[in-house]
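The values are calculated or read from the model by the stated rules, or taken from the named source; none is laboratory data. Nothing here was measured: the structure is a model prediction, and the numbers come from that model. Because the Cβ atoms are built from the backbone with ideal geometry, glycine has one as well, and the counts that use them run over all protein chains shown. Surface accessibility is based on the protein's heavy atoms, side chains included, excluding ligands, DNA and RNA. Shrake-Rupley method; radii C 1.70, N 1.55, O 1.52, S 1.80 Å.
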Amino acid sequence: MRRRAMLCAALWLMTATAAHADGGRLMNGHASLSVDARHDKVLVSFRIENRGERRVGLPREIAADTELTRRLFDLREHPGEAPVPYTGSMVKRGPLSLDDYVELAPHSAHTHTIDITHAYAFRPGTHTYVIRYEGSALADVRQLDSAAGFQTGALMFSHTQR
């Protein structure tokens with residue numbers, strides 16, 4: 001794990017456009033984010049590993065949706081930690097149902113990428129940002145009342161907005 005973190009730090013320093021950070025634990029699992037900010041886009045990949053013996057439920061908005069419908073990520077400028085305004089769609093929702101979750105089998109992993117380029121007000125020019133995700137998942141994919149919180153670690157990346 002330490003070698004992986006060092007490699008990621010080196011890649012970030014070399015390119016200043018792509019990054020990776022590991023984060024929080026989910027039940028018996030692990031969640032992380034990576035960012036590819038090349039080619040005038042900001043692509044955020046969410047990866048989660050289910051290391052447990054039960055099927056878990058991942059929120060569809062982070063595991064399968066292609067567009068954001070709310071401020072899903074905590075995105076801040078660096079240095080200073082000023083929040084980057086969310087400018088994407090806002091969809092009012094009712095209570096979540098089992099259909100709002102994607103099932104993840106035991107001892108498996110899932111990765112999903114979302115383009116957030118137009119969903120946040122990135123400043124013109126080259127700037128450094130910090131991104132995090134905090135949410136909840138179902139410890140038992142069949143029970144809505146089994147939600148458990150999880151979060152990713154903070155991830156720093158650079159993006160050039162033209």
- prompt: Between A147 and R71, what length in nm is gained on full extension when 0.36 nm per residue of separation is reduced by their alpha carbon distance?
  reply: 25.4 nm
- request: Please give the residues of region 28-70, grouped as numeric ranges, whose backbone N is less than 12 Å from a label point set 7 Å along the Cα-to-Cβ vector of E103.
  value: 55-58
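For K41, K92, write out the residues from largest to smallest accessible area, computed with a 1.4 angstrom probe and no ligands counted. It would help to have the intermediate numbers written out before the result.
Details: K41 95, K92 195 Å².
The residues order as K92, K41, largest area first.
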field: Solvent exposure ordering (accessible area, 1.4 Å, most first) of H112, H107, H39
entry: H39, H107, H112
task: Working with all protein chains in place, sort H78, H118 by solvent-accessible area computed with a 1.4 Å probe, largest first.
output: H118, H78
- request: For R55, list long-range residues whose amide hydrogen, built 1.01 Å from N in the peptide plane, is under 5 Å from its own amide hydrogen.
  value: V141
- request: Compute the length gained on full extension between R55 and R123: take 0.36 nm times their separation in residues and subtract their Cα-Cα distance, giving the result in nm to one decimal.
  value: 20.4 nm
- prompt: Ordered by residue, what ³J(HN,Hα) values in Hz, to whole numbers, does region 48-61 give under the Karplus form 6.51 cos²θ - 1.76 cosθ + 1.60, where θ = phi - 60° and Gly and Pro are x?
  reply: 9, 10, 9, 9, x, 9, 10, 6, 10, x, 9, x, 4, 4
query: Given that compact globular proteins tend to follow 2.2 N^0.38 Å, what is the ratio of the alpha-carbon Rg of region 69-162 to that value?
result: 1.29
